[in-house]
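The values are calculated or read from the model by the stated rules, or taken from the named source; none is laboratory data. Because the structure is predicted, anything quoted here is derived from the model rather than measured. All Cβ positions, glycine included, derive from the backbone under ideal geometry; neighbour counts span all protein chains shown.
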Amino acid sequence: MSLFLCYDIRGIQSFIFRIPRLRYIIGGSALIDCFDRETMKNLPVPGIEHVYSAGGKGAFKCPDFETAELLKNAIRIEAREIGIDIRFGMDADFSNAAKNTDDVYPFVPVELDGEPCNASGLYPLGSEKGDHPVIHKRLFVQGNKMFRWFENDLIKDVMLFPGSNAKLDFFHNVDANDETDSIGGKEGAAAIGNCNRWAVICMDGNDMGMQFRTKAGAHPSEDEMVRWIKTMSVALDRCSHEAVRSGIQEVIREWHDYEQNEHTPDHFVLPLRPIIVGGDDIVLLCHTAYARSFVKKAIRVFNETSKIEEKKNGKVLWPATNGELTVSAGILYCPVSLPLHTAITYAESLLASAKHRGREFKEDKKPSPASIDWEQITDSLVDTPASRRQRELYFYDDDIKETVELTQRPCTLGEFCAIEDLADKYKKKEIPPSVLHKILPALRAGYYERLAFAAEIKKHQKYLFEDLCEYPNLLKSNSRWKLDPVRKSRSTDVLDALILLEEESRWRKETI
C-alpha cells in the first residue's frame, strides 16, 4: 500500500534568526531554501515520488512502509547536517500526513563538551576551536555558494542597464565599520543610503487555503490530487520568483538612475536583500526609498504570472479564484538596529492586517484584492500595529458622538496608489514644517478644534484646508474625510500620506 511522507522543518524563524547577524541570517535562510530545492529533489532513495518541497515543508509518495522509513532516515541525516529540527507525518491519506507531522527529531550536537562556537555561542566544539560545522555552513557550503545563493537565483540574468557586465550583489552587511565580509559593511551602508534605516517587506499569497479546500471539495482521486499539488506548487513558486525578479529590476532601474555616479562601473552592491523567497512567501530588506516601487511591481507581476501559469499548464491551478492569484504586503520602515526577528514579526503583523483588508472585498470566485499595510518605527520599543494605532490614531469624539480614525491603513493597492498621489501633491506644495508639526495634534483634538485648525490654514494652505474640511455644508467629494453613518465613524488618509513623505525626508539625510 502506498504512503505519503510529509516533512516540516520546525521553528524556521528560530533557526534563521538564531544568530542575530545579517550574513548568518542570510545563510540560514539559504540553507533551508537549498534543502527544499536541491537536497529533497535528489535523495538517493529508489521508488519514491517527489510531490513538492518549499517553504520548509514537503511531501513524497512512497510505494510501501519500508521505503517511507528509508526516506525518513535519509531526510533526517540531511537535516542533521545543517542543524535543523524536523518532524514527519506518514499516512495513506495525503491530508492526514500533511496535518499530523508529530514525529519530531530535534537537532542535538554529538559533542557536548568544550568551548562554545565562536560565531554563535550555541554549540560546544570539544577540543576544536572556531565555528561549529553547522554554523560554518551558513557561510560556506560547496565553496562560496551560500554567500551568493540568492544572487545566483534571482539576479543571474539581471543587468544594471543594457550591455552592462557589472557584477551585482545584494548587500550582506550594513555596518560601515565592519569589513569582515568580502562585501563589506561600508558598501552595504552606502547601498541603503547611509541613513541607518531600511524597509522590511513581507509578502504572502492570498486565498491559498481556499484553493486546497475547493480542490478537495471536488473529491478528486488520489493521483489527480497529487498531480495538482505538484503542478500548482511549481507554478506558485514561479509566481513568487518572477514577482521578486521584476521588483528587483524595477528597484535597480530607479536606483541606478538616481545614484549612478556613486559607484564604480564594474561592481554594484544593490539596495536590497532577499531573506526568504519560496512558495508564496517573500521576505526582503530594501532601501526605504524603493520599497513601495518593489511592492507595487511585485504585486502586479505575481498576479500576471499566475494567469500565465494557468494558461500554460492547461489545467485549473487556482480553482477557488477563477484562474488567478493575488499577493498582499506589509512594509515596516525601521532602524537597522532593530533586531531583525522583531522587525520581521512586526512586518508580518502588517501583512496579516493587509490580508484581512483584502478579504473584506473578496467576491465569489474572484481573488481577494492585493492589499498593503505599512508603518514606521523610530525607536526600539514596539508593541503591535493594532495597539499602536488604537492608542495614537483612534478616539471617540464627544463633540459629534462619533469614532474618529486618523488612518485608512490597511488599504487595497488602488487605495494605496491614491495615497501616494496625495503624498506627491503635498511634496510639490512644500507644506511648511511649522504646519506639518501641527497637523497630528490638531487632528487628535475634538471636532470644533479641528474646524478651528482648518480655518487657520485656509488662507495659505487652501489645498490642505479642502482635504481636511469637515464643515457639514462644505464636505465635498474632494475632502479626504470619509464618513460611515452605519458605524458612526469618520476617517482620513492625510496622515498616511504624510508618513510616506516623512520617511522620504529621512532617507535623504545621511546619518553614517
Residue match in region 387-402 (condition: outside the structural domain of L498 (by TED's automatic domain parsing), at pLDDT 95 or above and among the small types (G, A, S)): no
Subset of region 13-38 [at pLDDT below 90 and either of a type in the set (V, I, T) or in the same structural domain as G184 (by TED's automatic domain parsing) (or both)]: I19
Among (1) farther than 18 Å from M208 by Cα; (2) modelled with pLDDT of 95 or more - the single one I299 does not satisfy: (1)
Residue, nearest to K61 (Cα to Cα), within region 94-105, restricted to residues that are in contact with an Asp or Glu (Cβ under 8 Å, 6 or more places away or on another chain), of a type outside the set (G, A, S) and surrounded by 12 or more Cβ atoms within 10 Å (Cβ to Cβ): F94
Matching entry among A445, A418 (being outside any helix (DSSP H, G or I), surrounded by fewer than 19 Cβ atoms within 10 Å (Cβ to Cβ) and either at pLDDT below 95 or not assigned by TED's automatic domain parsing to the domain that holds Y333 (or both)): A445
Filtered residues of region 316-341 (kept if of a type outside the set (A, V, I, L, M, F, W, C), over 20 Å from A298 (Cα atoms) and crowded, with 17+ Cβ neighbours inside 10 Å): P319
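Which residues, counting only those in region 60-91, are β-branched (V, I, T) and over 34 Å from the mean Cα position of the chain (by Cα)? Spell out how you get there, then give the answer.
Taking region 60-91 and keeping what is β-branched (V, I, T), we get 67, 75, 77, 82, 84, 86.
Once the filter is applied, which keeps residues that are β-branched (V, I, T) and over 34 Å from the mean Cα position of the chain (by Cα), region 60-91 yields only T67.
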Residues satisfying the stated conditions in region 421-434, i.e. part of a helix (DSSP H, G or I) and under 16 Å from I499 (Cβ atoms): D421, L422, A423, D424, K425, Y426, K427, P433
Test: residue in region 95-104 that is in contact with a Lys or Arg (Cβ under 9 Å, 6 or more places away or on another chain), of a type in the set (S, T, Y), assigned to a strand (DSSP E or B) and farther than 17 Å from G28 by Cβ: no
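Out of M232, M203, M210, which single residue is hydrophobic (A, V, I, L, M, F, W, C), part of a strand (DSSP E or B), under 16 Å from L325 (Cα atoms) and assigned by TED's automatic domain parsing to the domain that holds H341? Steps first, answer last, please.
Working: M232 fails: part of a strand (DSSP E or B); M210 fails: part of a strand (DSSP E or B).
None of the others qualify; the one that does is M203.
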Tally of residues being in contact with a helix residue (DSSP H, G or I) (Cβ under 6 Å, 6 or more places away or on another chain) and at pLDDT 90 or above across region 375-386: 2
Index of the failed condition, T180 passing every other in (1) hydroxyl-bearing (S, T, Y); (2) surrounded by fewer than 16 Cβ atoms within 10 Å (Cβ to Cβ); (3) at pLDDT 90 or above: (3)
Meets criteria (assigned to a helix (DSSP H, G or I) and over 37 Å from the mean Cα position of the chain (by Cα)) for F465: no
Residue tally, condition outside any helix (DSSP H, G or I) and touching a Leu at 6+ places or on another chain (Cβ under 9 Å), over region 8-17: 1
Conditions (1) farther than 30 Å from L338 by Cα; (2) part of a helix (DSSP H, G or I): number failed by G58: (2)
Test result for Q408, modelled with pLDDT of 95 or more and at negative phi: yes
For E254: the one exception among (1) without any contact (Cβ under 8 Å) to a residue 24 or more places away in the chain; (2) charged (D, E, K, R); (3) within 30 Å of E187 (Cα to Cα): (1)
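Has region 393-414 got at least one residue that is in a loop (DSSP other than H, G, I, E, B) and without any contact (Cβ under 8 Å) to a residue 40 or more places away in the chain?
First, the residues of region 393-414 that are in a loop (DSSP other than H, G, I, E, B): 393, 398-401, 406-410.
If we keep only those that are without any contact (Cβ under 8 Å) to a residue 40 or more places away in the chain too, we end up with none.
Looking for residues that are in a loop (DSSP other than H, G, I, E, B) and without any contact (Cβ under 8 Å) to a residue 40 or more places away in the chain, one finds none in region 393-414, hence no.
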From K41, K72, residue being free of Cβ contacts under 8 Å to residues at least 40 places away in the same chain, over 19 Å from V134 (Cα atoms), assigned to a helix (DSSP H, G or I) and outside the structural domain of D223 (by TED's automatic domain parsing): K41
Filter result (under 19 Å from I276 (Cβ atoms), of a type outside the set (S, T, N, Q) and in a helix (DSSP H, G or I)) within region 326-380: L340, H341, A343, I344, Y346, A347, E348, L350, L351, A352, A354, K355
Among (1) surrounded by fewer than 20 Cβ atoms within 10 Å (Cβ to Cβ); (2) part of a helix (DSSP H, G or I), the one test that P20 misses: (2)
